[in-house]
Amino acid sequence: MGAAAGTLVIACGALAREIVALRQVNDWPHMDVQCLPAEFHNRPEKIPAAVREKIQANRGRYNTLFVAYADCGTGGLLDAVLAEEHVERIPGAHCYEFFAGSAVFEALADREPGTFYLTDFLLRHFERLVIHGLGIDRHPELMEQYFGNYRRLVYLAQVESPQGIADGQRAADRLGLEYEYRVTGYGELEHSLHRAHVGVVSWQN
């Protein structure tokens with residue numbers, strides 16, 4: 001094996017398109033990306049072990065390892081793995097927070113705690129991950145159980161798009177929720193990847 005070089009980003013599959021776009025725009029040719037299944041959004045208990053496996057399989061092959069996950073529902077278990085492996089991640093509880101920014105997300109949550117959030121990825125895969133993934137297509141009665149306590153859907157858009165605005169409205173109508181649209185851009189994802197690229201986020205191997 002040759003000398004370690006470059007940066008490896010171990011990412012949630014829901015961020016793959018955004019990370020590739022940022023790598024191209026920022027000209028990060030020495031950044032590689034390996035993604036875990038986006039379906040882990042619904043199975044966060046699988047994330048810590050899967051991330052550890054990726055880290056251990058790639059240690060020594062790269063100068064820098066970085067994890068493009070927030071806590072993502074692992075209840076601190078991902079952070080425990082990363083502390084043991086000496087690898088950093090994007091700050092925040094979930095992708096909604098790091099896209100919107102902590103202050104904006106906190107204000108949104110305070111204004112309406114009963115808010116369901118979508119990102120570009122989740123909107124593109126709304127039917128597969130939400131309607132099919134939660135079994136609502138097979139058992140419509142589950143709609144009330146899952147969404148009965150929600151009041152609003154907020155679509156946090158990474159890329160502004162008239163089609164996205166319309167699709168977000170349809171998703172909100174499908175769930176019977178009020179609709180709000182906000183363009184966030186890439187938020188802390190871009191900032192964190194930049195720091196990882198220059199080697200100031202992750203420990204060196």
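Coordinate-derived values only; no laboratory data. Please read all numbers here as calculations on a predicted model, not as lab measurements. Every residue, glycine among them, receives a Cβ derived from its backbone with ideal geometry; neighbour counts consider all protein chains shown.
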Discussion item. Over the range 49-205, what is the relative contact order in percent, taking alpha-carbon pairs closer than 8 angstrom and at least six residues apart?
Written reply: 29
Practice prompt. Go through Gln34, Ile47, Leu22 and say which Cα lies farthest out towards the positive end of the charge dipole of the range 17-59; charges sit on Cβ, +1 for Lys and Arg, -1 for Asp and Glu.
Written response: Ile47
Item to complete: When you have a sec, figure out the Kirkwood radius of the range 1-73 from all distinct Cα pair distances and drop it here in Å to one decimal?
Response: 12.8
Fill in: Loop-located trypsin sites (Lys or Arg not before Pro) in the range 45-112, at most 16 other Cβ atoms within 10 Å (DSSP)
Arg59, Arg61
Worksheet entry | Distance in nm between pseudo-label sites at Asp137 and Glu112 (7 Å out along the Cβ direction from Cα) | 2.7
Worksheet item: Within the chain, what is the longest stretch that has no GluC sites (Glu not before Pro) placed in a DSSP loop and near at most 14 other beta-carbon atoms within 10 Å?
Response: 1-140
Worksheet item: Can you give the extra length, in nm with one decimal, that the chain gains between Glu160 and Arg124 once fully stretched, where that is 0.36 nm per residue apart less the Cα-Cα distance?
Response: 11.6 nm
Worksheet item: Out of every Cα pair in the chain, what percent are spaced more than 25 Å from each other?
Response: 39
Discussion item. Amide H of Cys72 versus every other amide H placed in the peptide plane: which residues, excluding those fewer than 5 positions away on the same chain, fall under 5 Å?
Written reply: His94
Discussion item. Take Asn58 and Gln24, extend 7 Å from each Cα along the Cα→Cβ direction, and tell me the distance between the two endpoints in nm.
Written reply: 2.0
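Work out how much length Arg151 to Glu178 would gain on full extension: take 0.36 nm times their residue separation and subtract the Cα-Cα distance, in nm to one decimal.
Separation in residues times 0.36 nm, less the Cα-Cα distance, equals 9.1 nm.
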Fill in: Using distinct alpha-carbon pairs, which all enter the 1/r mean, Kirkwood radius of the range 102-183 in Å
13.1
Discussion item. Can you give the local net charge around Ala107? Use residues other than it whose beta-carbon is closer than 13 angstrom to its beta-carbon, Lys and Arg +1, Asp and Glu -1.
Written reply: -3
